[in-house]
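Trainee: Take a look at this one; I'll ask things after.
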Amino acid sequence: MWKTIVRRFLLMIPQLFVLSILIFILAKFMPGDPFTGLITPETDPSRIEELTEKAGLNDPWHIQYVRWIARAVQGDFGMSYTFKRDVASLIGERALNTFWLSFLSVILLYAIAIPLGILAGRYHNSRLDKTVIFYSFFTYAIPTFVLSLVFLYIFGYKLEWFPTSGSVDIKYEPGTLGYIWSKGYHIILPAITYAILGTTGVIQYLRSEIIDTKAMDFVRTARSKGIPTRKVYSKHIIRNSLLPIAAFLGFTITGLLGGSIFIETIFGYPGMGQLFVSSISSRDYSVITALVMLYGFLTLLGSLLSDIIMSIVDPRIRIE
Amino acid sequence: METDVLLRIKDLHIGFRINESFYNAVDGVSLTLRKNEILAIVGESGCGKSTLATSIIGLFDRSNTRIQGEILFKNKNLATLTEDQLNDIRGLDISMIFQDPLSALNPLMRIGEQIEEGLIYHTKFSSHDRKRKVLELLKQVGIQNPNRVSRQFPHQLSGGMRQRVMIAIAISCKPKIIIADEPTTALDVTIQAQILDLLVEMQQETGAGIILITHDLGIVAEVANRVAVMYAGEIIEEAPVKELFLYPKHPYTRSLLHSIPQMNSYTNRLNAIEGMVPSLKYLPRLGCRFSSRIPWIRKEAHEKRPALHEISPGHFVRCTCWKEFHFNKVKGDGTYELYAN
């Protein structure tokens with residue numbers, strides 16, 4: 001198994017290499033450059049030209065690429081053009097913000113979706129089931145920005161229960177207890193919104209899995225042994241129904257760093273999604289390429305993680 | 001005589017919901033199972049034999065099934081018990097063996113755990129005793145390496161081994177009745193014989209009564225004591241096994257026996273019964289249900305409300321059409337050829 005995992009990691013290298021070339025070319029194809037946004041009526045065009053030349057943006061793309069990749073493999077993704085900061089530390093800070101937000105959302109998502117999915121499947125066609133279906137289609141149909149704005153208006157603006165933007169109150173020193181508390185406090189509302197919007201998929205998947213598994217032969221065998229119904233559910237039906245959910249777990253874990261563009265923008269939360277959008281609009285090449293490379297790596301890692309998780313929970317699957 | 005009756009089914013009707021109305025898949029079945037007896041229920045696919053078998057211990061979807069009549073076991077009518085009450089009987093007094101042993105075992109649980117499950121709820125054994133009992137059971141059903149097998153998962157075993165495991169589960173609490181629903185259908189022919197032998201051996205050891213559901217008349221002849229033939233939800237003939245094979249009466253039974261390939265005959269074509277079982281929804285509920293498949297027999301030969309008649313001790317036949325039944329065409333070499341349009 002370890003051999004396979006190492007091999008899968010080695011296989012990622014050529015995949016990431018191809019990805020890096022594609023990203024680099026696509027990023028360069030975008031019209032405009034990092035300095036376009038800086039132009040004001042007073043700017044001397046020769047100054048812009050000077051900056052572009054200095055940044056090496058006038059070189060052919062492959063020269064730029066080689067220069068970039070040589071540094072990137074050493075962990076140096078360059079400086080952000082707009083933030084004037086080291087890309088790695090910029091992403092690291094945003095990634096941490098996004099991680100905590102996503103982490104709480106995913107926990108809330110599963111805490112809501114798994115019980116609802118199981119109950120709807122177990123009592124399928126009951127009033128409870130119909131209520132759950134209504135809930136899940138309602139949250140599925142509602143656009144992200146609508147629910148976010150409604151929540152923001154009600155809980156942030158009207159009731160003033162939660163802050164309406166940012167990731168931490170500026171009055172706290174980093175590292176203090178108040179700072180950590182403030183961070184957590186800022187996460188709650190966006191996390192709940194994010195979680196509610198994501199529940200539909202898990203609920204519907206789990207519900208139909210439970211309904212299918214209920215009719216399986218081995219469940220009939222379990223019932224024929226005379227074990228209590230709740231044990232038939234906990235040991236046979238639910239365990240088997242959770243397999244497909246477990247199959248997505250790897251992607252969910254690595255997806256924690258992806259962030260949500262809508263949620264982060266509306267709640268003014270400085271995370272990865274927001275960084276990604278702003279870096280594209282400001283043509284911040286070094287940030288764009290670094291982020292897409294990171295997402296690519298996470299996707300590959302997610303599929304490997306999913307395979308490993310599946311081989312742990314399902315004895316029929318062995319990584320050889 | 002009455003004391004050795006294990007199970008008595010009286011006028012049982014089992015209906016499934018199709019678009020808000022119920023259609024009976026089992027329609028007025030009465031049966032008795034005695035101690036040490038292997039009662040075979042035969043019939044073609046869709047005749048209701050599996051429905052009957054699984055309904056005895058209530059293994060149906062309650063919201064879409066309607067059950068009427070009596071299933072008497074130990075003075076209790078199983079048809080009226082709740083799921084919790086049935087759980088005290090399932091596995092302990094009445095257990096089941098199913099057709100496909102791969103899908104009938106939980107793919108995520110070790111063999112040992114699956115055998116142990118019933119013991120947890122039906123015995124007061126300690127965990128240690130249960131583990132020992134599991135190994136004992138595995139050995140009893142002829143598994144060579146019980147220690148290793150108990151730690152394996154179903155997909156790691158062969159079909160025959162899995163069915164042995166199913167039998168181990170079924171006999172784990174020494175049940176009075178074992179219901180075997182096509183226990184050998186999914187297995188290789190060589191393995192079939194081994195599993196049947198094992199089933200008979202276990203029955204003789206435990207003294208249980210067995211209800212054997214099958215469509216394989218060879219198996220019936222080999223192991224059964226008594227046979228009930230089902231057609232379209234009804235029992236159309238019931239007799240001791242020898243009597244049935246030597247003196248089949250009902251046209252359906254005769255046609256079934258007739259369609260067994262014969263090694264010593266020179267016919268090129270396999271004898272088949274014309275037509276097929278009408279689907280549940282369009283089943284004729286009045287008159288002889290087999291009449292549509294023997295159209296060359298005159299209408300008056302059938303009873304209006306076909307009943308089971310005891311024509312010799314222990315031999316019951318439904319309807320009166322058997323008295324006039326003949327195969328459709330006789331060929332020159334003495335073998336029958338069935339009616340062809």
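Trainee: Is the C-alpha gyration tensor of region B:257-325 telling us rounded, prolate or oblate? Criteria: a/c under 1.5 is rounded; beyond that, a/b larger than b/c is prolate, otherwise oblate. Don't skip to the answer; put the middle values down first.
Mentor: Working: a/c = 2.09, a/b = 1.38, b/c = 1.52.
Oblate, because a/c is 1.5 or more while a/b does not exceed b/c.
Trainee: Report D for region A:2-148 in µm² per second (integer): Stokes-Einstein, Kirkwood Rh on Cα pairs, 25 °C, 0.890 mPa s.
Mentor: 118
Trainee: Semi-axes of the equivalent ellipsoid of region A:210-320: what are they in whole Å, largest first, if each equals the square root of 5 times a C-alpha gyration tensor eigenvalue? All intermediate terms of the calculation are to be shown ahead of the outcome.
Mentor: On the way: eigenvalues 364, 58, 13 Å².
The answer is 43, 17, 8 Å, longest axis first.
Trainee: What aspartates and glutamates does residue A:183 reach when the alpha-carbon gap must be under 15 Å and sequence neighbours fewer than 8 apart in one chain are set aside?
Mentor: Result set, ordered by chain and number: A:93, A:169, A:173, A:264.
Trainee: Further question: Pick from A:43, A:299, A:193 the residue whose mean-square fluctuation is largest in a GNM of chain A, springs joining Cα atoms under 10 Å.
Mentor: Highest fluctuation among the options: A:43.
Trainee: Most mobile of A:274, A:64, A:74 per a Gaussian network model of chain A (Cα springs, under 10 Å)?
Mentor: Among A:274, A:64, A:74, the largest GNM mean-square fluctuation belongs to A:74.
Trainee: Rounded, prolate or oblate for region A:259-320? Axes are the square roots of the Cα gyration tensor eigenvalues, ordered a ≥ b ≥ c, and the cut-off for rounded is a/c under 1.5.
Mentor: Working: a/c = 6.27, a/b = 2.28, b/c = 2.75.
Oblate is the answer for region A:259-320, as a/c is 1.5 or above yet b/c matches or exceeds a/b.
Trainee: Still on this structure: Expressed as a whole number of Å, what is the distance separating the alpha-carbon centroids of region A:261-320 and region A:150-212?
Mentor: 20
Trainee: Grab the beta carbon distance between residue B:225 and residue A:99, set R0 = 51 Å, and tell me the FRET efficiency rounded to 0.05. Present the calculation step by step, with values, prior to reporting the outcome.
Mentor: Values: r = 70 Å, r/R0 = 1.37.
E(calc), rounded to 0.05, equals 0.15.
Trainee: May I ask for the longest run of chain B untouched by trypsin sites (Lys or Arg not before Pro) that are loop-located per DSSP and have at most 16 neighbouring C-beta atoms (other than their own) within 10 Å?
Mentor: Numbers: sites that count: B:35, B:74, B:124, B:151, B:269, B:285, B:298, B:304, B:331.
It runs B:152-268.
Trainee: Which shape class, rounded, prolate or oblate, goes with region B:150-206 when its Cα gyration tensor gives a ≥ b ≥ c as root eigenvalues, a/c under 1.5 marks rounded, and past that a/b bigger than b/c marks prolate? Walk me through the numbers before you get to the answer.
Mentor: Working: a/c = 2.03, a/b = 1.23, b/c = 1.65.
In terms of gyration-tensor shape, oblate.
Trainee: Using alpha carbons only, how many angstrom separate the centre of region B:147-171 from the centre of region A:216-258?
Mentor: 21
Trainee: Then there's this: Please list the non-local residues whose amide H lies under 5 Å from the amide H of residue B:179, H modeled 1.01 Å from N, same-chain partners needing a gap of 5 or more.
Mentor: B:95, B:96, B:97, B:211
Trainee: If you plug each phi of region A:117-134 into the Karplus form 6.51 cos²θ - 1.76 cosθ + 1.60 with θ = phi - 60°, what whole-Hz ³J(HN,Hα) values come out, in order, with x for Gly and Pro?
Mentor: Using θ = phi - 60°, the values come out as x, 5, 5, 4, x, 5, 9, 6, 6, 7, 5, 4, 4, 5, 5, 5, 4, 4 Hz.
Trainee: Around residue B:236, which amide H atoms from residues at least 5 apart in sequence, or from another chain, sit under 5 Å from its own amide H, with H modelled in the peptide plane?
Mentor: Long-range HN contacts for residue B:236: B:229, B:230, B:231.
Trainee: Now for a different question. Suppose only helical runs count, i.e. DSSP H with n ≥ 4. What mean residue ellipticity at 222 nm does that imply for chain A under -39500 (n - 2.57) per run, divided by all residues and rounded to the nearest 500 deg cm²/dmol?
Mentor: Numbers: 13 runs with 217 residues, N = 320.
So the calculated ellipticity at 222 nm is -22500 deg cm²/dmol.
Trainee: Too long at a 32 Å Cα-Cα cut-off: which of A:231/B:76; A:84/A:158; B:76/B:304; B:176/B:242; B:49/B:299?
Mentor: A:84/A:158; B:76/B:304
Trainee: Next question. Rounded to the nearest 0.05, what FRET efficiency is calculated for residue A:111 and residue A:153 with R0 set to 30 Å and r the Cβ-Cβ distance? All intermediate terms of the calculation are to be shown ahead of the outcome.
Mentor: Details: r = 25 Å, r/R0 = 0.83.
So, using R0 = 30 Å, E works out to roughly 0.75.
Trainee: Taking neighbour counts of Cβ atoms within 10 Å as a proxy for exposure, in what order, fewest first, do A:112, B:57, A:21 appear?
Mentor: Details: A:112 19, B:57 25, A:21 13.
Placing the least packed residue first, the sequence is A:21, A:112, B:57.
Trainee: Sticking with this one: With springs only between Cα atoms under 10 Å, which of A:136, A:278, A:260 fluctuates most in a Gaussian network model of chain A?
Mentor: A:278
Trainee: Let me ask you something else. Where does the charge balance sit around residue B:226 when Lys and Arg score +1, Asp and Glu -1, over other residues with C-beta under 12 Å from its C-beta?
Mentor: Working: positive: B:34, B:242; negative: B:37, B:237, B:238, B:243.
Local net charge: -2.
Trainee: Further, regarding this structure: Taking the Cα atoms of region B:136-258 alone, what are Rg (to one decimal) and Dmax (as a whole number) in Å?
Mentor: 16.3, 52
Trainee: Give the whole-number value, in cubic angstrom per residue, of the convex hull volume spanned by the C-alpha atoms of region A:96-282. Walk me through the numbers before you get to the answer.
Mentor: Values: hull volume 28.4 nm³, N = 187.
Each residue corresponds to 152 Å³ of Cα convex hull volume.
Trainee: Among residues other than residue A:272 whose Cβ falls under 14 Å from its Cβ, what is the net charge (Lys/Arg +1, Asp/Glu -1)?
Mentor: With Lys, Arg at +1 and Asp, Glu at -1, the net is -2.
Each reported figure results from applying straightforward, stated rules to the coordinates on display, with no laboratory input. These figures come from a predicted structure and were not determined experimentally. Glycine gets a Cβ as well: all are built from the backbone with ideal geometry, and neighbour counts include every protein chain shown.
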